[in-house]
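Below is one structure; the comments refer to it alone.
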Amino acid sequence: MCVRACKRENDVPDDFYRTWVERYLVSLHDVYVDSPHGALDGFGPVQTPFEPTKGFFVPKLCNHCKETPCVQVCPVGASYRTKDGLVLVDEKRCIGCGYCVQSCPYGSRFMNPRTHTADKCTWCYTASRAACCPRACRPAPRRRGASATSSGRTTRCARSSPPSPCACSSPSS
Ligand code: SF4
Ligand code: SF4
């Protein structure tokens, strides 16, 4: 549901994701990971070449990193950190070089095929509204917590403690 909510709320182009969910199936020596269409339609059954002993889902999005390669490599200052700790892209400044997309170790950025600028999770910052993914998450592993550097306005995603598994496993969810 969070993937769909983000797509709808932020008008994310087809086949691109500001947030997505990965499924992990693991055994002592093997791991299988998938994220069909970013989990937009949930997860179906899957055959793995080994017998999994554990399975879990991990919601992914920009981590709004403190040490940000994506900001450091931007040649025009279009990728920047706000005073309250979010990492954003100034679309008007972005020249579409793609350096930041390549530099993100988490695959959190993409080139928007409509705007030809870098795109990613903004934590719904620019619309001055609460982020949509925690609101959409029915089992509530996604939660909002105050940022350590926050002035109060900004919030960032924090998992519950201990982390709850994402349960968006049903195609109908
Ligand atoms: S785009 Fe990647 S490197 Fe930049 S803040 Fe987000 S997760 Fe970190
Ligand atoms: S794509 Fe845009 S935001 Fe990313 S490094 Fe290039 S100019 Fe900066």
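Residue-wise test of (1) in contact (Cβ under 8 Å) with a residue 24 or more places away in the chain; (2) surrounded by fewer than 16 Cβ atoms within 10 Å (Cβ to Cβ); (3) in a helix (DSSP H, G or I); (4) within 13 Å of ligand 1 (Cβ to nearest atom).
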site	(1), (2), (3), (4)
K60	yes, no, no, yes
N63	yes, yes, no, yes
E91	yes, yes, no, no
G96	no, yes, no, no
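If you go through the stretch 73-89 and pick out every residue that is within 9 Å of ligand 1 (Cβ to nearest atom) and either among the hydroxyl-bearing types (S, T, Y) or more than 16 Å from C124 (Cα to Cα) (or both), you end up with 1.
In the set (1) away from ligand 1 (no atom under 14 Å from the Cβ); (2) at pLDDT below 95, D34 fails one condition alone, (2).
Name the residues in the stretch 43-58 that are of a type outside the set (A, V, I, L, M, F, W, C) and part of a strand (DSSP E or B), would you? If you could, list the steps in order and put the result at the bottom.
Keep residues of the stretch 43-58 that are of a type outside the set (A, V, I, L, M, F, W, C), which gives 44-45, 47-49, 51-55.
Hits for the stretch 43-58 are K54, G55.
Filter the stretch 72-88 for residues that are of a type in the set (V, I, T), under 17 Å from the mean Cα position of the chain (by Cα) and either surrounded by fewer than 19 Cβ atoms within 10 Å (Cβ to Cβ) or within 9 Å of ligand 2 (Cβ to nearest atom) (or both) and give the result. Within the stretch 72-88, none qualify. Taking the stated definitions as given, is C70 in contact with a Cys (Cβ under 7 Å, 6 or more places away or on another chain) and within 16 Å of ligand 1 (Cβ to nearest atom)? Criteria met by C70. Residue pairs whose Cβ atoms lie under 9 Å apart, separated by 6 or more positions or on different chains, with the first residue in the stretch 104-115 and more than 6 Å from ligand 1 (Cβ to nearest atom) and the second among the aromatic types (F, W, Y), are F110/F16; F110/Y17; M111/F16; N112/F16; P113/F16.
The values are calculated or read from the model by the stated rules, or taken from the named source; none is laboratory data. These numbers were taken from a predicted model, which means no experiment stands behind them. Neighbour counts run over all protein chains shown; Cβ positions are idealised from the backbone, glycine included.
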